[in-house]
1. I need a count of the residues in segment 131-150 that are over 22 Å from TYR67 (Cα atoms) and surrounded by 16 or more Cβ atoms within 10 Å (Cβ to Cβ).
2. Scan (1) crowded, with 18+ Cβ neighbours inside 10 Å; (2) of a type in the set (S, T, N, Q); (3) modelled with pLDDT of 90 or more for the single condition THR171 breaks and write down its number.
3. Tell me, which strands (runs of 3 or more DSSP E) lie completely within segment 38-130 with 3 or more residues that are surrounded by 14 or more Cβ atoms within 10 Å (Cβ to Cβ) and under 13 Å from the mean Cα position of the chain (by Cα)?
4. Take VAL69 and decide whether it is β-branched (Val, Ile, Thr) and in contact with a helix residue (DSSP H, G or I) (Cβ under 9 Å, 6 or more places away or on another chain).
Amino acid sequence: MTREPEQQIGVGTQDAFQRLWTPHRMAYIQGENKPSGPGAGDGCPFCAIPAKSDEDGLIVRRGEQVYAVLNLYPYNGGHLMTVPYRHVADYTDLTEAETAELAELTKQAMRALRTASGAHGFNIGMNQGTVAGAGIAAHLHQHIVPRWGGDTNFMPVVGHTKVLPQLLADTRKMLAEAWPTA
């Protein structure tokens, strides 16, 4: 349905565009909840999350060495991260047990996302260091981003906005229920 643009004082020249506001993204842009330094005691959210309930921390699965958690600022619906409990920055510093469980939880995350949402593919990876794009470089985390055919559209390109069809709490519950038992 097309309608006449509404006059909005202070938003620029009146035009034919409808605007979607995503004020929750401002917290990320301004660095809210980012650590004050590189140490585990410097406010690292990945160190704080495991002390919360699964629902409050958006934890989907807890392992012995690693946990899986929803990204608070997702690139796509269902965007998960596998994170070692231990505060470690570099992949080469993981123990063999941490490396194995990180890989296993990543595989389980893929299975859960396929079951729960029918994901067609995945972007999987980690950014090592601030210069490589790590938002929290001091605590290693691997991204598992589900993808679907046609999931990229004009919104991210033109509107610099990602439309997510589900609340994070609902996504966490759905994925926790779909997580494979073995």
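The values are calculated or read from the model by the stated rules, or taken from the named source; none is laboratory data. Small disclaimer: the values here were computed from a predicted structure and weren't measured. All Cβ positions, glycine included, derive from the backbone under ideal geometry; neighbour counts span all protein chains shown.
1. Of the residues in segment 131-150, 0 are over 22 Å from TYR67 (Cα atoms) and surrounded by 16 or more Cβ atoms within 10 Å (Cβ to Cβ).
2. The one condition THR171 does not meet is (3).
3. Ranges flagged: 66-70, 80-84.
4. The answer is yes for VAL69.
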